[in-house]
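What follows is calculated from the coordinates using simple rules that are stated; it is not laboratory data. On a predicted model such as this, the values are computed, not experimentally measured, just so you know. Neighbour counts run over all protein chains shown; Cβ positions are idealised from the backbone, glycine included.
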Amino acid sequence: MNTESVSRKDSIPHSDRAVPAVAIASVNGRGTMTIPASIREHLQADATPRYLLRAVSGDVFVAMRVKTPHELFVAYDALVAEPRPALPLSVTFPTLLDAESVIIAQCEPTSTEREWFAACDQGDTSIRVDPLFIGDLLTLLPTYLPDLDRAAHAVYVQTILCWTGMQMPDRDFYLAVLSLWAQSPGYRWSQAVQVARASVAG
């Protein structure tokens, strides 16, 4: 019986998958987490990125890097509905953020609104965000970005709320409600808020 010799190298299974980046991160007493260099090398981020953290279970969480206004709007430029619906009217840079300003910034790459959001995220200005803004924007997004699903709409709004200069009381609560709304197709936005409030109240 003839046998063929097989080298150890040839016996190793081959895979086209990239090796995942895995490392241990530590948290100090103040709650600051240090991200190891081996992980940072794989992150597509600027020098001072921000992350939105979401707890999955008691010992697992996921982190999503927050896109800058430029990154967010450019990412969805090609997904704006065609033929494009008429743009909503907006009060120019009010003291209270309105959803219409976001839609104009998304649909008009050269708009002053897009420039303003960039300046806001850089800390050059700020604006108050009423919780009603979220429901308004969630109502408008399916018209102007119809190819995005419910979860993507939620992440879109969460990203905006994370920008520097967005002044919103209970922001963490509403970020959590957006995740709940994304996972609950049967909920209207107002219902998701009510459910979350009841849960917090115990």
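The table below lists the values:
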| read-out | value |
| --- | --- |
| Degrees separating the helix 132-144 axis from the principal Cα axis of the chain, which is the longest one | 70 degrees |
| Residue among 160, 103, 39 with the largest mean-square fluctuation in a Gaussian network model of the chain, springs linking Cα atoms under 10 Å | 39 |
| Net charge of neighbours whose Cβ lies under 12 Å from the Cβ of residue 97, counting Lys and Arg as +1 and Asp and Glu as -1 | -4 |
| Per-pair calculated FRET efficiency, R0 = 25 Å: residue 190 and residue 55 via Cβ, rounded to 0.05 | 0.55 |
| Degrees separating the helix 171-182 axis from the principal Cα axis of the chain, which is the longest one | 70 degrees |
| Descending Cα extents along the principal axes, the stretch 69-201, whole Å | 44, 34, 24 |
| Where labels lie 7 Å past Cα in the beta-carbon direction, separation of residue 32 and residue 63 in nm | 1.4 nm |
| Antiparallel DSSP beta bridges within the chain, as percent of all bridges there, nearest 5 | 75 percent |
| The chain: most fluctuating residue of 68, 34, 110 per GNM, C-alpha cutoff 10 Å | 34 |
| Cα centroid separation - the stretch 179-202 against the stretch 63-121, whole Å | 26 Å |
| FRET efficiency, 1/(1 + (r/R0)^6) with R0 22 Å, evaluated for residue 151 and residue 86 via beta carbons | 0.20 |
